[in-house]
2 protein chains.
Amino acid sequence: MSKCFSYSSLHSFAQQVFVKIGCTIDDAKTASDSLLSADLRGVDSHGIARLTGYVRLWEVRRVNTKPEIRIVYETPSTAVVTGDSGLGLVVAPFAMQLAIAKAHTCGSGWVSVKNSNHFGIAGRYAMMALQHDMIGIAMTNASALVAPTFSAERLLGTNPIAVAVPAGTETPFVADFATSVVSKGKLEILQRKGLEAPEGWTQTKEGTSNTDAKSLEKGGALLPLGGNKDHGSYKGYALGAVVDIFSGILSGANYATWVPPFTSLLPVPENMPGEGIGHFLGAMRIDAFRSAAAFKKDMDQWIRRVKSARTTEGQSRVYIPGEIEKETEAERMTGGIPLADSVVADLRNIAVKFSMEIPQGIN
Amino acid sequence: MSKCFSYSSLHSFAQQVFVKIGCTIDDAKTASDSLLSADLRGVDSHGIARLTGYVRLWEVRRVNTKPEIRIVYETPSTAVVTGDSGLGLVVAPFAMQLAIAKAHTCGSGWVSVKNSNHFGIAGRYAMMALQHDMIGIAMTNASALVAPTFSAERLLGTNPIAVAVPAGTETPFVADFATSVVSKGKLEILQRKGLEAPEGWTQTKEGTSNTDAKSLEKGGALLPLGGNKDHGSYKGYALGAVVDIFSGILSGANYATWVPPFTSLLPVPENMPGEGIGHFLGAMRIDAFRSAAAFKKDMDQWIRRVKSARTTEGQSRVYIPGEIEKETEAERMTGGIPLADSVVADLRNIAVKFSMEIPQGIN
């Protein structure tokens, strides 16, 4: 069951909560913008459903809500930023703005971030580049849930990659995906419905491919994009590794099995080699290569060519990456954001904890 | 059947052939270095087996062996280069050297290339960054063989991505893979053996998943990494699209269905919107982020952690991307490069055509 809430009511609620846990009003607004962008785009697992998780991280003092986010080192086109244990929802926009500023002055900007926390959806930060006629890139590492090809152990996070590309009159291209076959959220949906997972999503603790939607709880692992060796799982593994290296090692954050978990109840790994979790943000100014107008004309032609392709049986459209999310955003901005009962209950608990009004549903 | 040849004999042969078709001695050496690196690393489909293909492209005047490769536009960290219809084997090293030079001066360098031809293996160019303590990135687009999710038509090439990362005492990390489930070369191997392809590699002309190793000849398509929607094919599709955009659209080369084919017998697409095929080369200087020594220490720890993982049943190792290729390179440098009889026959035909000595096998 679910109930719909207006964007503004959920945004206002989240912003108040972030202020309650110690954020400045500016940071609380930024964090809410980041968080709610996931709900708007239909990535429900990464939106306000996680608000309670951020509160719990603050309660166990794993999030600093008054961080001194700062540049540790920089060159004209690169930088390392420390998030000072701040919310990734606030740290990532800071780093992306820095990447964009560097792209303005020298063509491109690349910022690796350490000592941050989970940042919600990667696409949000990649998309910040679009209004500047830039290509935006965002990645983050995360605690290990994915087993590389031939590994029985989880060694990498679901480590997402997002790339946003401006178009002319067409909808911008926004790819945003985990480098595993599926995210943990998709397994949780099946669990709630009591269904099995398709073959090729997970493996057991011993490393045998299985169909148990509770594999992760039983010590199993998600499989890298590709699924098995014959279908290119070493490619998904390599992609997840690149995200880990760019986000974790280039910045001096943690990496591989040492990335701390989002869940406050889980222990932090021993002997962590770095600080917090890592992100990687990039921006390339289109007219640092060729005229933005000419580029966008070609992007429009690319998009139209793909959209006009003959479809496979039973399908009516070939989608451009980001197209479904854009349509969902338009629908939810007017029709409201549906929240599962369990999420509403979580928000009610937060409201009680901080003596706040709970958001009112619109249906 | 196959016969082994020394690296130096094949390199010398290729270099002479490139001179015969009009390359300068320097360019012929560069092209041979690029080409043979594929044979050394075990990517046999992209090595000297393609020499005859390059000769045929020259015969139909689709390759300019005296190109004026030049920078069309640049900023401190970016550039567009035109290959002037030159061999990709020569154009790509030029562009990668430019990316490296920019990374020396301002932290990173990103070069999009137009009007080039096929460049062999992407990993070769990414690896040029390693000796400078830089991360190297290389991509190229190619003629359309891959059908995006829900498309019955081929819209994208197998568009590979390579990322090379320096390590300390461990072997460098070198990922290099097509963004389709498999490359065309893997289907050809099955064809020669009269075998079927595994489910999830290809689809028919109508867009139905099939197991026919001759699907491409019958108008079918390769599937994007992930295979089908339930297993994340939209992620492989998005990756292939990003390569196409960075290589083709950012430079002003061709893209999507307009990328000209490598095979000289196939017609060039009508109404091409750009020039030739496109590449994208990038370099990031490690110490533009943090000390290269500290980075490499962490990379070594990352590599050792992954290699020490408990393996799935029947497997003895978890491989680091590039590890198998490095081992193959060492073996072939001493033991020779095995060439299939059909490839030897092609080399013999080239030798006759240009009145040259054919390379002598070493066993």
Assigned charges on the beta-carbon of Lys, Arg, Asp, Glu; the protein assembly as shown dipole about Cα centre (debye): 60
Which net charge results for the neighbourhood of residue A:24, defined as the other residues with beta-carbon distances under 15 angstrom from its beta-carbon, given Lys and Arg at +1 and Asp and Glu at -1? -2
Given R₀ = 30 Å, what would the calculated FRET efficiency be for residue A:287 paired with residue B:26, taking r from the Cβ atoms and rounding to 0.05? 0.35
About its Cα centre, how strong a charge dipole does chain A have in debye, to the nearest 20, once Lys and Arg get +1 and Asp and Glu get -1 at the Cβ? 140
How many Å² of accessible area per residue for the protein assembly as shown, probe 1.4 Å? 38
Kindly identify region B:177-219 as rounded, prolate or oblate by the Cα gyration tensor criterion: order the square roots of the eigenvalues as a ≥ b ≥ c, call it rounded if a/c is under 1.5, otherwise compare a/b with b/c, prolate if a/b is larger, else oblate. oblate
Under a no-solvent Debye model with one identical scatterer per Cα of region B:176-325, what's log10 I(q)/I(0) at q = 0.14, 0.19 Å⁻¹? -0.98, -1.27
From zero up to wherever the largest Cα-Cα distance of region A:283-346 sits, split into 5 Å bins and tell me the percent of pairs in each. 4, 13, 12, 13, 16, 14, 12, 8, 5, 3, 0
Using a probe radius of 1.4 Å on protein heavy atoms only, what is the accessible area buried between chains A and B, both sides summed, to the nearest 100 Å²? 7200
Once neighbouring chains are kept in place and the probe is 1.4 Å, which whole percent of the accessible area of the protein assembly as shown is contributed by carbon and sulfur? 51
Theoretical gain in end-to-end length, residue B:356 to residue B:192 [0.36 nm per residue, Cα-Cα removed]: 56.1 nm
For every other residue with a beta carbon closer than 11 angstrom to the beta carbon of residue A:154, add +1 if it is Lys or Arg and -1 if Asp or Glu, then tell me the sum. +1
Apply the a/c threshold of 1.5 to the C-alpha gyration tensor of chain B and tell me whether it is rounded, prolate or oblate. rounded
Given charges at Cβ of Lys, Arg, Asp, Glu: chain A dipole, positive-most of A:225, A:311, A:281: A:311
Between region A:240-285 and region B:239-291, what is the C-alpha centre distance in whole Å? 31
The protein assembly as shown - mean residue ellipticity at 222 nm from DSSP helices (-39,500 (n - 2.57) per run, n ≥ 4, rounded to 500): -11000 deg cm²/dmol
For region A:41-129, go through all pairs of different Cα atoms, get the mean of 1/r, take its inverse, and jot down that Kirkwood value in Å. 13.7
Work through the residues other than residue A:355 whose Cβ is under 13 Å from its Cβ and net out their charges, Lys, Arg +1 and Asp, Glu -1. +2
For the charge dipole of region A:20-135, defined by +1 on Lys and Arg C-beta atoms and -1 on Asp and Glu C-beta atoms about the Cα centroid, which residue among A:104, A:21, A:32 has the Cα displaced farthest towards the positive pole? A:21
From the P(r) of the protein assembly as shown, could you give the percentage of C-alpha pairs in the tail past 39 Å? 32
Which loop GluC sites (Glu not before Pro) in region A:164-239, with loop taken from DSSP, have no more than 16 other Cβ atoms within 10 angstrom of their Cβ? A:196, A:199, A:206
Whole-angstrom gap from region B:306-358 to region B:102-136, using each part's C-alpha centre: 23
Dipole magnitude of region A:214-363, debye to nearest 20 (Cβ charges: Lys/Arg +1, Asp/Glu -1, about Cα centre): 600
Along region A:107-117, Karplus-curve 3J(HN,Hα) (6.51, -1.76, 1.60; θ = phi - 60°) to the nearest Hz, with x for Gly and Pro, reads x, 8, x, 9, 10, 9, 10, 10, 6, 10, 10
Label points for residue B:324 built 7 Å along Cα→Cβ; distances to same position in the other copies, nm, shortest first, come to 3.2
What does the accessible area of residue A:289 come to, in Å² to the nearest 10, when a probe of 1.4 Å is used? 0
Sort B:234, A:125 by accessible area with a 1.4 Å probe, largest first. B:234, A:125
Rounded, prolate or oblate: which one fits region A:66-186, using the alpha carbon gyration tensor with axes a ≥ b ≥ c (rounded when a/c is under 1.5, else prolate when a/b beats b/c, else oblate)? oblate
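The values are calculated or read from the model by the stated rules, or taken from the named source; none is laboratory data. From a predicted model like this one, the values you see are computed outputs, not experimental measurements. Neighbour counts run over all protein chains shown; Cβ positions are idealised from the backbone, glycine included. The area values use the complete protein model at the heavy-atom level, side chains included, leaving out ligands, DNA and RNA. Shrake-Rupley method; radii C 1.70, N 1.55, O 1.52, S 1.80 Å.
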